[in-house]
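Below is one structure. I have some questions about it.
Here, each number is a calculation from the coordinates, and none is a lab measurement. Nothing here was measured: the structure is a model prediction, and the numbers come from that model. Cβ atoms come from the backbone with ideal geometry, glycine included; neighbour counts cover every protein chain shown.
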Amino acid sequence: MKKEKLIVIGSAFAVLLLLFVGVKKIKALQTQVAEQRENLQKSSQRLNFLRELEQSLELRRETGKVLCQIPRAEDPVASKVLVAKFLQSFLSRMGLEAEVKVEDERESRDFPDVISITEVPMRIGIKNYSSYDQVMKVLKEFCNFPFVIEVLTIGGTDVAVPGVLRMQLKYYVVPGGA
Amino acid sequence: MILCIDLTSKKIKIAGVKKERESLEIVESLELNSSEFSKRLAELFERSSCRIDEVRISASAENTFHKIFTLPNLKKKMLDQALEVEVTKAFGKDYQFRCRDLGEVPGPGNKVNRKLMTVGIKADTLERLSKLFESLPAKPSLFTTYPVALQALLRRARLSSEEATAFVELDHPTSRIVIFKGNEIRLAREVNVLEEEKDPDRSALAKDIYRTLLFYTETYPNEVVDRLVFSGNSSISRAIETLRQKTKAKILPLSLETVSRGLKDESHVHPGCLGLALLRPDHFSLGFIPVSVQKRMKIRKTLALSSTITLGILLIILLAVSRLSLNLKNLNAYHGGIKGEIKMKEDRLRELGLEFVSHSVETSQPPWSEILLEMAAVVPPGVVFKSFTLKKVKRVWRGEVTGLAEGSDEISSLLLVERLQNNFNQSPLFNGVGLLERELQGKKVEFKIGYQLDM
């Protein structure tokens with residue numbers, strides 16, 4: 001009877017131990033599987049987004065216009081000067097006297113990390129313009145470059161640069177684009 | 001080979017029987033004195049040409065009992081308890097016993113009783129016999145009594161009948177007589193046999209047998225033994241003839257041919273051993289197992305059961321773990337594939353940076369020309385803009401215009417401002433238009449209007 005009891009107790013202990021270890025292991029695996037499924041779902045969503053984006057960009061490449069880029073130098077200071085000079089001469093050729101202030105190049109947050117694009121913030125103050133047509137022409141010309149205007153004011157003081165027509169804009173630098 | 005050991009009388013009889021389906025073959029046949037039994041047994045195991053698979057033993061007569069009880073027809077559990085009480089009353093607590101249900105019999109009045117045949121062996125005898133085999137390779141699988149084994153032999157030899165049948169095994173120094181009726185073992189007795197010189201015509205033996213038959217008739221009134229079956233020494237034919245004349249019973253020889261084809265009616269074939277070989281343990285209710293062996297078996301059973309349960313649980317856990325691991329492995333592989341594809345897409349998108357910027361510029365910039373033209377169109381005569389601002393705040397283009405409205409008087413100036421506001425509201429390019437400030441300066445009104453671009 002004693003031996004039987006010992007066997008039963010021993011087996012019960014072994015079963016409990018097995019259950020404890022087994023259930024723990026199973027739960028850990030279930031958690032891992034659930035986490036992996038979640039990761040998989042996120043990755044699938046990202047992949048779908050990238051596929052769609054790629055399709056749209058490929059289509060744009062085939063049909064869309066090509067943006068011009070301002071020549072740049074390897075030295076960042078030289079690049080800044082180049083951009084300022086380019087814009088000044090560009091506006092001057094349009095008959096506009098302007099002051100251009102260029103800031104340091106920084107990483108852009110407007111695009112996904114996949115495409116490492118940097119931006120050059122700048123402010124332009126046009127001291128005089130003859131007509132609205134001239135302003136519209138300038139803005140139209142800007143569309144040929146990777147510029148985005150953030151603030152535009154005529155007669156206002158929202159952009160810290162002297163001039164009647166003031167603009168705060170960003171110039172996007174695409175790696176290997178220039 | 002089945003080793004059958006008959007310990008009933010002073011001479012121990014051993015037979016090695018090969019059993020194949022229904023046929024029996026006697027391989028070994030021995031007669032030993034009890035003093036040399038244990039020594040010769042070990043030798044037998046060593047020298048036996050055939051492997052001994054099983055050992056069956058019938059216990060000595062003085063340590064056994066056979067008794068029929070008639071009890072009220074109760075439920076099984078209660079009947080078992082009542083039978084235990086009756087056996088204890090009759091033989092004490094030293095016996096292990098088994099019973100065979102002989103069926104219902106009419107009781108007093110309309111009551112129905114149940115007839116039970118019990119067979120018992122002393123518990124310490126079973127233990128002692130079991131210990132004899134402790135060091136030997138084969139252990140006894142079956143213990144029973146000589147009459148029970150004999151009953152199996154008679155049944156096989158088609159000598160079992162509803163008539164009272166006496167089986168006499170003639171031997172020296174003791175012969176044995178067992179009386180059966182149907183399934184019942186009614187009487188078992190040993191008869192001393194004198195040496196042939198002292199009892200040349202075997203009249204003393206015949207008398208002893210006759211006395212036993214008379215005792216049976218006294219015990220079971222109105223019943224006589226109808227048939228006499230003899231086995232063993234055939235030198236008592238005269239005594240048998242005397243018995244036949246006295247009892248008027250039919251004399252039947254035990255023909256071993258009827259038991260199994262190939263068996264010869266030879267004196268060295270022991271009926272008790274042959275009966276043991278004929279028993280079928282799986283269909284046999286009168287077999288005994290010593291308490292210590294029962295305990296061992298119970299322990300083994302418990303061990304097997306608990307091991308099975310533990311192994312079963314282990315197996316289930318292992319299955320679940322392997323299934324989940326496999327699932328995880330598949331998911332990892334699939335995820336790895338997707339990651340690879342994402343990496344490829346990202347690399348490709350890096351090459352499409354300029355297109356991306358172009359797309360972003362086009363979608364984020366308002367139509368500047370249209371806005372400036374619309375702005376010129378909404379200004380009524382008499383209103384002058386001092387400033388015009390448009391800025392992007394969290395993906396929404398918000399703007400403000402400040403200016404001066406100059407009418408013929410204050411009212412018309414105010415109306416001009418209202419008209420300007422209305423024009424803004426009616427324009428499809430602007431929404432959320434609101435007059436933020438308005439201040440009279442003589443006849444003129446200075447104003448500030450806020451708006452959003454409807455993109």
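When you look at the Cβ of every residue in B:361-371, what mean number of other chain Cβ atoms sits within 10 Å?
Mean shielding count: 5.
Then there's this: Just A:Lys42, A:Lys137, A:Lys127 to compare: in a GNM of chain A, with alpha carbon springs under 10 Å, which one fluctuates most?
Judging by the Gaussian network model, the answer is A:Lys42.
Rounded to the nearest 20 Debye, what is the dipole magnitude of chain B about its Cα centre when Lys and Arg each give +1 and Asp and Glu each give -1 at the C-beta?
On the way: 69 positive and 58 negative charges, 272 e Å.
Dipole about the Cα centre, nearest 20: 1300 debye.
Of all DSSP beta bridges located in chain B, what percent are antiparallel, nearest 5? Intermediate values should be presented prior to the final figure.
Details: 78 of 98 bridges.
Counting DSSP beta bridges with both partners in chain B, the antiparallel share is about 80 percent.
Please list, ordered by chain and number, the residues whose modelled amide H lies under 5 Å from the amide H of A:Val173; skip anything fewer than 5 residues away on the same chain.
Residues meeting the criterion, in which the H sits 1.01 Å from N, are A:Thr118, A:Glu119, A:Val120.
Would you mind working out the magnitude of the charge dipole of the protein assembly as shown relative to its Cα centre, with +1 at each Lys and Arg C-beta and -1 at each Asp and Glu C-beta, to the nearest 20 Debye? Mind showing how you got there, number by number?
On the way: 95 positive and 80 negative charges, 508 e Å.
Dipole magnitude for the protein assembly as shown comes out near 2440 debye.
Now, a different point. Within 10 Å, count the other beta carbons around each residue, average over each peptide in B:416-429, A:147-160, and list them highest first.
Details: B:416-429: 17.1, A:147-160: 18.7.
Ranking the peptides B:416-429, A:147-160 by packing returns A:147-160, B:416-429.
On average, how many beta carbons from a partner chain sit within 10 Å of the beta carbon of a residue in A:47-55? Mind dumping the intermediate values first?
Details: counts 7, 0, 2, 8, 3, 0, 7, 8, 0.
Mean inter-chain Cβ contacts per residue within 10 Å come to 4.
Please work through chain B and write down the cysteines that have no neighbouring cysteine Cβ at a distance under 4.7 Å.
Cysteines of chain B left without a disulfide-compatible partner: B:Cys50, B:Cys99.
Just from its helices, what would the mean residue ellipticity at 222 nm be for chain B, if runs of 4 or more DSSP H residues each count -39500 (n - 2.57) and the sum is divided by every residue, rounded to the nearest 500 deg cm²/dmol? Show your work: numbers first, answer last.
Working: 12 runs with 189 residues, N = 455.
The helix-only estimate for chain B comes to -13500 deg cm²/dmol at 222 nm.
Right, something else. Quick one: among A:Glu99, A:Glu62, A:Glu107, which has the greatest mean-square fluctuation in a GNM of chain A with alpha-carbon springs under 10 angstrom?
Most flexible of the set in this elastic network: A:Glu62.
May I pose another question? May I ask for the Rg/Rh ratio of the range B:367-453, computed from Cα atoms with Rh as the Kirkwood radius, given to two decimals? Write out the running numbers ahead of the final one.
Values: Rg = 12.7 Å, Rh = 13.0 Å.
The Rg/Rh ratio comes out at 0.98.
Can you pull the mean other chain C-beta count within 10 Å for peptide A:110-116? Could the numbers behind the result be given before it?
Details: counts 4, 5, 3, 1, 11, 11, 2.
Mean partner-chain Cβ count within 10 Å for A:110-116: 5.
R0 = 35 Å: FRET efficiency of B:Glu418 with A:Asn48, Cβ-based, nearest 0.05? It would help to have the intermediate numbers written out before the result.
On the way: r = 51 Å, r/R0 = 1.46.
For B:Glu418 and A:Asn48, the calculated efficiency is 0.10.
Another one. Relative to the compact-globule scaling 2.2 N^0.38 Å, provide the ratio for the alpha-carbon radius of gyration of the range A:1-64. Numbers along the way, then the final one.
On the way: Rg = 27.1 Å, N = 64, 2.2 N^0.38 = 10.7 Å.
Working it through for the range A:1-64, the quotient is 2.53.
I've got another one for you. Extending each Cα 7 Å along its Cβ direction at B:Arg395 and B:Arg296, get the distance between those two points in nm, one decimal.
In this crude spin-label approximation the distance works out to 8.4 nm.
Size of the dipole of chain A about the Cα centre, Lys and Arg at +1 and Asp and Glu at -1 on the beta carbon, nothing else charged, in debye to 20? Can you show the working numbers first?
Numbers: 26 positive and 22 negative charges, 223 e Å.
Around 1080 debye, computed over chain A.
Let me ask you something else. Using only the alpha-carbon atoms, how far is helix B:410-426 inclined from the longest principal axis of chain B? Give it as 0 to 90 degrees, nearest 10.
That helix lies at roughly 40 degrees to the long axis.
Per residue Cα convex hull volume for the protein assembly as shown, in cubic angstrom? Kindly include the intermediate steps, with their values, before the conclusion.
On the way: hull volume 223.2 nm³, N = 633.
About 353 Å³ per residue, rounded to a whole number.
Sticking with this one: Grab the Cα-Cα distance for B:Glu362 and B:Tyr334, subtract it from 0.36 nm times how many residues apart they are, and report the gain in nm with one decimal. The partial results should precede the final answer.
Values: separation 28, 0.36 × 28 = 10.08 nm, distance 3.72 nm.
Extra length from B:Glu362 to B:Tyr334 when fully extended: 6.4 nm.
Follow-up. Given a cut-off of 27 Å, what percent of all Cα-Cα pairs of chain B lie beyond it?
Numbers: 72622 of 103285 pairs.
The calculated P(r) of chain B puts 70 percent of pairs beyond 27 Å.
Find which of B:Thr389, B:Met375, B:Ser412 sits farthest along the positive direction of the dipole of the range B:367-453, computed with +1 on the beta-carbon of Lys and Arg, -1 on that of Asp and Glu, about the Cα centre.
Of the listed residues, the answer is B:Thr389.
What residue among A:Leu87, A:Leu59, A:Leu165 shows peak mean-square fluctuation when chain A is described by a Gaussian network model with Cα springs under 10 Å?
Among A:Leu87, A:Leu59, A:Leu165, the largest mean-square fluctuation in the Gaussian network model of chain A belongs to A:Leu59.
Using +1 at the C-beta of Lys and Arg and -1 at the C-beta of Asp and Glu, which of B:Leu303, B:Ile338, B:Ala320 has the Cα lying farthest in the positive direction of the dipole of the range B:274-365?
Checking the options against the dipole of the range B:274-365, the answer is B:Leu303.
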